[in-house]
Amino acid sequence: MRLRYTKRAAAQIDKARDYVAERSPQGAVRIRERLLAVVTLLQIHPHAGHATSRAGVRRFGLAPYPYFIDYRVVGDDLIVMRFRHAARRPDE
């Protein structure tokens, strides 16, 4: 399964990484590693995330880190749509 990121998701990931890196460079590395592990898992098991109220969009948490990714499976593509902190409202 091919992995793709929307521009929005890529920008959200960069922003979160930069924010964490200012406070803890090692924390930013750990979040990046966890994100890579999660998207690798989802490429193998694309329906592992929970369905959301948005048609075709699933959500998976980056536990133990307080982030979620929203993604969609389209054919052979796994598209990461959003990356957000768990404390943020879903529509932000």
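Inside the range 50-80, can you point out the residues that are farther than 22 Å from I31 by Cβ and among the small types (G, A, S)?
Across the range 50-80, the qualifying residues are A51, S53, A55, G56, G75.
I need the full set of residues from the range 62-72 which are surrounded by fewer than 15 Cβ atoms within 10 Å (Cβ to Cβ) and either of a type in the set (A, V, I, L, M, F, W, C) or closer than 17 Å to Q12 by Cβ (or both), in order please. Walk me through it before giving the result.
First, pick out the residues of the range 62-72 that are surrounded by fewer than 15 Cβ atoms within 10 Å (Cβ to Cβ): 63-64, 66.
Hits for the range 62-72 are A63, P66.
If you check Y5 against the conditions, is it aromatic (F, W, Y), without any contact (Cβ under 8 Å) to a residue 60 or more places away in the chain and in contact with a helix residue (DSSP H, G or I) (Cβ under 8 Å, 6 or more places away or on another chain)? Outline the logic, then answer.
On the way: aromatic (F, W, Y): yes; without any contact (Cβ under 8 Å) to a residue 60 or more places away in the chain: no; in contact with a helix residue (DSSP H, G or I) (Cβ under 8 Å, 6 or more places away or on another chain): yes.
Against the criterion (aromatic (F, W, Y), without any contact (Cβ under 8 Å) to a residue 60 or more places away in the chain and in contact with a helix residue (DSSP H, G or I) (Cβ under 8 Å, 6 or more places away or on another chain)), Y5 does not qualify.
Return a yes/no flag: does the range 37-46 have any residue that is among the polar types (S, T, N, Q), within 22 Å of A87 (Cβ to Cβ) and surrounded by fewer than 14 Cβ atoms within 10 Å (Cβ to Cβ).
Step one: filter the range 37-46 for residues among the polar types (S, T, N, Q), giving 40, 43.
Checking the rest, the ones that are also within 22 Å of A87 (Cβ to Cβ) come to none.
No; the residues of the range 37-46 include none that is among the polar types (S, T, N, Q), within 22 Å of A87 (Cβ to Cβ) and surrounded by fewer than 14 Cβ atoms within 10 Å (Cβ to Cβ).
Is it true that some residue in the range 27-46 is in contact with a Leu (Cβ under 8 Å, 6 or more places away or on another chain), touching a residue at least 24 places away in the same chain (Cβ under 8 Å) and assigned to a loop (DSSP other than H, G, I, E, B)?
Narrowing the range 27-46 to residues in contact with a Leu (Cβ under 8 Å, 6 or more places away or on another chain): 31, 34-35, 38-39, 42-43, 46.
Remaining after also requiring touching a residue at least 24 places away in the same chain (Cβ under 8 Å): 31, 34-35, 38-39, 42-43, 46.
If we keep only those that are assigned to a loop (DSSP other than H, G, I, E, B) as well, we get 46.
Scanning the range 27-46, I find at least one residue that is in contact with a Leu (Cβ under 8 Å, 6 or more places away or on another chain), touching a residue at least 24 places away in the same chain (Cβ under 8 Å) and assigned to a loop (DSSP other than H, G, I, E, B), so the answer is yes.
Of all residues in the range 47-69, which are without any contact (Cβ under 8 Å) to a residue 40 or more places away in the chain and assigned to a strand (DSSP E or B)?
From the range 47-69, those without any contact (Cβ under 8 Å) to a residue 40 or more places away in the chain are 47-66, 68; that's our starting set.
Result: H50, A51, V57, R58, R59, F60, G61, F68.
Being more than 10 Å from the chain's Cα centre (by Cα) and outside any helix (DSSP H, G or I) is the filter; apply it to the range 1-26 and report the residue that is surrounded by the most Cβ atoms within 10 Å (Cβ to Cβ).
Taking the range 1-26 and keeping what is more than 10 Å from the chain's Cα centre (by Cα), we get 1-4, 6-8, 11, 14-26.
Still in the running and outside any helix (DSSP H, G or I): 1-4, 6, 24.
Working: M1: 13, R2: 10, L3: 14, R4: 14, T6: 16, S24: 11.
This residue is T6.
Could you please let me know if G75 is modelled with pLDDT under 95, over 15 Å from the mean Cα position of the chain (by Cα) and surrounded by fewer than 11 Cβ atoms within 10 Å (Cβ to Cβ)?
Details: modelled with pLDDT under 95: yes; over 15 Å from the mean Cα position of the chain (by Cα): yes; surrounded by fewer than 11 Cβ atoms within 10 Å (Cβ to Cβ): yes.
It is true that G75 is modelled with pLDDT under 95, over 15 Å from the mean Cα position of the chain (by Cα) and surrounded by fewer than 11 Cβ atoms within 10 Å (Cβ to Cβ).
In the list R2, R32, R8, R17, which residue meets the criterion of being in contact with a Lys or Arg (Cβ under 8 Å, 6 or more places away or on another chain) and within 14 Å of I79 (Cβ to Cβ)?
Values: R2 fails: in contact with a Lys or Arg (Cβ under 8 Å, 6 or more places away or on another chain); R32 fails: within 14 Å of I79 (Cβ to Cβ); R17 fails: within 14 Å of I79 (Cβ to Cβ).
Being in contact with a Lys or Arg (Cβ under 8 Å, 6 or more places away or on another chain) and within 14 Å of I79 (Cβ to Cβ) holds for just one of R2, R32, R8, R17, which is R8.
The values are calculated or read from the model by the stated rules, or taken from the named source; none is laboratory data. The structure displayed is predicted, hence computed values, not measured ones. Cβ: placed from backbone, ideal geometry, glycine included. Neighbour counts: every protein chain shown.
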